[in-house]
Amino acid sequence: MRVKSLVPALYILFLMLPIYWLVAMSFKTTNEILAGFTLFPQTWTLANYIEIFTDPTWYWGYINSIFYVTLNTVISVLVALPAAYAFSRYSFIGDKHLFFWLLTNRMAPAAVFALPFFQLYSAVGLFDTHLAVALAHCLFNVPLAVWILEGFMSGVPKELDETAYVDGYSFPRFFTTIFLPAIKSGVGVAAFFCFMFSWVELLLAKTLTAVAAKPIAAVMTRTASSAGYELGLLAAAGTLTIIPGAIVIYFVRNYIAKGFALGRV
Amino acid sequence: MKKQNQRAWLFVLPVLLLVAFNALIPMMTVVNYSVQETFGDNLFFWEGLGWFEQILRSERFHAALGRQLFFTVMILIIEVPLGVAIALAMPRQGFWVPFCLITMALPMLIPWNVVGAMWNIFTLPDIGLLGYFMNHTLGISYDMTQDPVAAWVTIIVMDVWHWTSLVVLLAYAGLVSIPNAYYQAAEIDGASNWAVFRFIQLPKMKTVLTIAVLLRFMDSFNIYTEPFVLTGGGPGNSTTLLSIDLVKIALGQFDLGPAAAMSLIYFAITLLASWLFYTLMTMNDNKA
Amino acid sequence: MAQIKLSNLRHSYRPDPRGDDDYALKKIDLTWEDGGAYALLGPSGCGKSTLLNIISGLLVPSEGRILFDDQDVTALPPARRNIAQVFQFPVIYDTMTVYDNLAFPLRNRGRDEDIVRQRVMAIAEMLEVSDMLNTRAANLSPDNKQKISMGRGLVREDVNVVMFDEPLTVIDPHLKWKLRSKLKELHQRVKATMIYVTHDQTEALTFADQVVVMQDGEVVQIGTPVDLFERPAHTFVGHFIGSPGMNVLPCDVRGGVAFFGDKELDLEGPLAKAGEGRAEVGIRPEFVSISGNGPGVPATVRKVSDVGRHKVVEAIAFDQRVHAILEGEAPNAGDAVTLEFKRSQTRLYMDGWLASTPGGGA
């Protein structure tokens, strides 16, 4: 019994090590970092964090990221809901092929779309906007949302729909007051995954932005290359990006195991 | 079972438009470029399958593809069994369960460039935690920027760190859905732990494991950000995986034709391999 | 085959129980004879599954002992007790063939393949699954899967007791009777002690020689199906068994005579002990007759249901619902009638427990 609980413990330790190092470094001065190796910050400093919170380039990076991620989550879930409903309840010409084609977009290497997206979004005048990144991320988030929601919706018996019609509900009213509450954990799971995949993605977010909508990821990579490695600052910026993720996980903690089964186990 | 209803297309329309905009139009562009040659000034000449032939024959492409395949195979071999083993060892109920799940999920919610940066800082030879430990405490020479082996080991360990939790969480979800009665029956039948794993747990985890393998295959095959931020594809081009090479050609060199052809070949390989994996893994279900 | 004795058994799922309410099983003292067919009958939550798991060893009781043939097995794990258990849903090893499924318990105990083959073929023949031995277990229908579950339990020669925990739950209704008869047949051939847990009275009464009725963690009555039907020891048993169940009517006892409303009722016989407490009269609908106007209890007919073989009349007398089963003519809803209770079947219950004894009279 004891040996068995060692395994997850060791694994979690392994996971926490690099994170600890990142956080520790964010509280060190650049001098201390470059001078040699210290396990624990010898001179605590908040200078790195202060710089991030006071420099617009930095904090706008966070705001931009959160903005387009939220935008993407809302759009993805909103368009996925009716589509998932259709896949779950109806059969129509080409439905299986459409579903499969949607899933293939999740499989696409982002690298393939980097240049075409750059050209496409420039052509429609959306370059360097939050909307561009939000829409671009729909490429793989919408199929995922449809897949997850369809799984949860199929778990709701069709009798529920039929009873509502017999009771005189109009479709919009049925959908919002009866159906949505029935699949609310599915909506939560879908929103979680959309948030996750949009928040972590770098390539497309960087390619489609320049200044106005520059995400934090791009700000960080620019700092890494140009300013010649201000490690403490980089570490602080990185640490701050972990926080939204941690908050979101905490809120969905009860659904995590269930959600990862995508409602289909 | 399902009602026939062609008006369902209206429901699907928003999704269709959105994804078509993001997928079809760019793909058309890519296909366009892949069969044409340009010398700038928007002048295009028909090139036929020339770019495809060039890519498929190029040493550079073979090398990148080889590295990518090696990477993906290593990832699957390590992450899937490891994930399952951890899931088996996790508590099924009690206080520690949410704690484990939350801490294990954390690496997956870190922006990919931060993952790369984090491991960069972690493995710096003299001032990083791992780097210092390897070089000074263990006396093993370890420098990612000089030694291709060190670079390879690092990107693999980084991915294991980053994504094994996905396998763990999926496998765990499958495990907790097994009703207790199965374990009770096995106890009554006198089955060994290995028999319980082989005949009860593994079969019941089949669906989730298929999802896990598919996802890990796809995502590791398409990976870009983390290794790029960590090694930049180096030292030299020893860790230049397929996506990294493609982006170099497309956005770095703006070689539209070759980049487009390579994109199509790349996408095709991913699709084909995913389909193969999927068919192989669900093949047994159809054997009556 | 073994005799099973439960001695002073109590069980609580809580680490430190205080009152009676904290106990899932309150106090069980019971002996099951070797080779008998028993049913454990009771509503959901009455503790029957707890009791079953204690017998099989999947649960260790907080207090008390279990003995198999006078040997204390309370601390013994399931694999060492030689028991077999069939669960509510088929528990089979999907990836194995039917043959391998049946062979599994024997192979785990290191039996020779010849013996394995012999036993598997014998059980397969008994269960009528010989033609599916090479099919993958996953591809069978639920009722066949459940048969395989049962088979795995019976395949070992040294099984002490076979326990069934509501095994027909997932079976289609039209196949239930088939499996029920198969179970009865199995019992006659194998002659193992069998305990069948259910909340369905039909299953219990058709399978068992002796039925143990439980409620709220206590054994309320043990008896043959006939005993349970004719002389329920507790109003719960009377109400639970029969369709519709026994009529339980509050009454007053004055000077040894029972009054329902203001009507004096003739009981089957004298009271076992002087009564203090809540008094009720129990009479089965089968023994209530209805006439237009007679000396009986006045009532108004509320509803008449035709269930095919007979009619069920629901009437209201002194604000109490009374059911009667009639064969022929039935009154209409709204009619004023009088009810007569067959004396020899009219029983008195005090605080729920049977208090009258059979005496003279018709």
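Descriptive notes on the structure:
- Output for the stretch A:163-175, where each listed residue is assigned to a helix (DSSP H, G or I) and loosely packed, with under 11 Cβ neighbours inside 10 Å: A:Val166, A:Pro172
- The condition of being outside any helix (DSSP H, G or I), more than 10 Å from every other protein chain (Cβ to nearest Cβ) and not aliphatic (A, V, I, L, M) holds for only one of A:Thr70, A:Thr38, A:Thr45, that being A:Thr45.
The rows are residues; the columns are (1) touching an Asp or Glu at 6+ places or on another chain (Cβ under 9 Å); (2) not hydrophobic (A, V, I, L, M, F, W, C).
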| site | (1), (2) |
| --- | --- |
| B:Ala191 | no, no |
| B:Leu209 | no, no |
| B:Arg216 | yes, yes |
| B:Ser220 | yes, yes |
| B:Thr225 | yes, yes |
| B:Thr231 | no, yes |
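- Some residue of the stretch C:156-175 being surrounded by 17 or more Cβ atoms within 10 Å (Cβ to Cβ), on the phi > 0 side of the Ramachandran plot and touching a residue at least 40 places away in the same chain (Cβ under 8 Å): yes
- Residue in the stretch C:54-83 that is nearest to the other protein chains (Cβ to nearest Cβ), counting only those that are in a strand (DSSP E or B) and touching a strand residue (DSSP E or B) at 6+ places or on another chain (Cβ under 7 Å): C:Ile83
- Of the helices (runs of 4 or more DSSP H) contained entirely in the stretch B:107-200, those carrying at least 1 residues that are among the polar types (S, T, N, Q) fall at B:112-123, B:148-176, B:180-189, B:193-196.
- Among (1) of a type outside the set (Asp, Glu); (2) more than 30 Å from B:Ala151 (Cβ to Cβ); (3) within 14 Å of chain A (Cβ to nearest Cβ), the one test that B:Leu49 misses: (3)
- Sole residue being surrounded by fewer than 22 Cβ atoms within 10 Å (Cβ to Cβ) and either within 24 Å of the chain's Cα centre (by Cα) or away from chain A (no Cβ under 13 Å) (or both), chosen from B:Leu241, B:Leu209, B:Leu230: B:Leu209
- Any hit, the stretch A:14-28, residues being more than 11 Å from every other protein chain (Cβ to nearest Cβ) and over 23 Å from the mean Cα position of the chain (by Cα): yes
- The set of residues in the stretch B:68-90 that are more than 26 Å from B:Ile244 (Cβ to Cβ) and in contact (Cβ under 8 Å) with a residue 40 or more places away in the chain comprises B:Val84, B:Ile86, B:Ala87, B:Leu88, B:Met90.
- Residues satisfying the stated conditions in the stretch B:25-80, i.e. charged (D, E, K, R) and assigned to a helix (DSSP H, G or I): B:Glu53, B:Arg57, B:Glu59, B:Arg60, B:Arg67, B:Glu79
- Output for the stretch C:9-22, where each listed residue is buried (at least 16 other Cβ atoms within 10 Å of the Cβ) and in a loop (DSSP other than H, G, I, E, B): C:Ser12, C:Pro17
- Applying the condition of being without any contact (Cβ under 8 Å) to a residue 12 or more places away in the chain and within 26 Å of the chain's Cα centre (by Cα) to the stretch B:119-129 and asking which residue is farthest from the other protein chains (Cβ to nearest Cβ) yields B:Leu124.
- So A:Tyr121, is it of a type in the set (Ser, Thr, Tyr), more than 7 Å from chain B (Cβ to nearest Cβ) and buried (at least 20 other Cβ atoms within 10 Å of the Cβ): yes
- A:Leu115, sole failed condition from (1) part of a loop (DSSP other than H, G, I, E, B); (2) surrounded by 21 or more Cβ atoms within 10 Å (Cβ to Cβ); (3) not β-branched (Val, Ile, Thr): (1)
- Of all residues in the stretch A:177-202, those being in a helix (DSSP H, G or I), of a type in the set (A, V, I, L, M) and more than 12 Å from chain B (Cβ to nearest Cβ) number 6.
- Matching residues in the stretch B:40-59 - criterion: being modelled with pLDDT of 80 or more and exposed (fewer than 15 other Cβ atoms within 10 Å of the Cβ): B:Leu49, B:Glu53, B:Leu56, B:Arg57, B:Ser58, B:Glu59
- Pairs meeting the criteria (first residue in the stretch A:37-60 and over 18 Å from A:Ala218 (Cα atoms), second residue surrounded by 13 or more Cβ atoms within 10 Å (Cβ to Cβ) and among the β-branched types (Val, Ile, Thr), beta carbons under 7 Å, at least 6 apart or on different chains) are A:Phe37/B:Ile127; A:Thr43/A:Thr29; A:Thr45/A:Thr29; A:Ala47/A:Thr29.
- Selection count where residues are surrounded by fewer than 21 Cβ atoms within 10 Å (Cβ to Cβ), facing chain A (nearest Cβ under 9 Å) and farther than 25 Å from A:Val133 by Cβ, scope the stretch B:1-39: 9
- Lone qualifier among C:Leu51, C:Leu6, C:Leu25, C:Leu67 - being among the hydrophobic types (A, V, I, L, M, F, W, C) and surrounded by fewer than 19 Cβ atoms within 10 Å (Cβ to Cβ): C:Leu67
- A Cβ distance below 6 Å, combined with a sequence gap of six or more or placement on separate chains, defines the contacts here; from the stretch C:324-348, residues that are without any contact (Cβ under 8 Å) to a residue 60 or more places away in the chain reach residues that are surrounded by fewer than 20 Cβ atoms within 10 Å (Cβ to Cβ) and of a type in the set (Phe, Trp, Tyr) in the pairs C:Lys342/C:Phe287.
- Failed item, numbered, when A:Ala210 is tested on (1) facing chain B (nearest Cβ under 9 Å); (2) small (Gly, Ala, Ser); (3) surrounded by fewer than 20 Cβ atoms within 10 Å (Cβ to Cβ); (4) over 30 Å from A:Glu32 (Cα atoms): (1)
- Condition check for A:Ala84: surrounded by 22 or more Cβ atoms within 10 Å (Cβ to Cβ), out of contact with any Pro (no Cβ under 6 Å at 6 or more places or on another chain), at the interface with chain B (Cβ under 8 Å from one of its Cβ atoms) and among the small types (Gly, Ala, Ser): no
- The set of residues in the stretch A:99-114 being more than 7 Å from every other protein chain (Cβ to nearest Cβ) and within 15 Å of B:Ile269 (Cα to Cα) consists of A:Arg106 alone.
- Pairs linking a residue in the stretch B:265-280 that is within 9 Å of another protein chain (Cβ to nearest Cβ) and under 14 Å from B:Ala212 (Cα atoms) to a residue that is part of a helix (DSSP H, G or I) and at pLDDT 85 or above, with Cβ atoms under 6 Å and 6 or more positions apart or on different chains, are B:Ser274/B:Met218.
The values are calculated or read from the model by the stated rules, or taken from the named source; none is laboratory data. Just so it is clear, the model here is predicted, and its values are computed rather than measured. Positions of Cβ are generated from backbone atoms using ideal geometry, with glycine treated the same way; all protein chains shown enter the neighbour counts.
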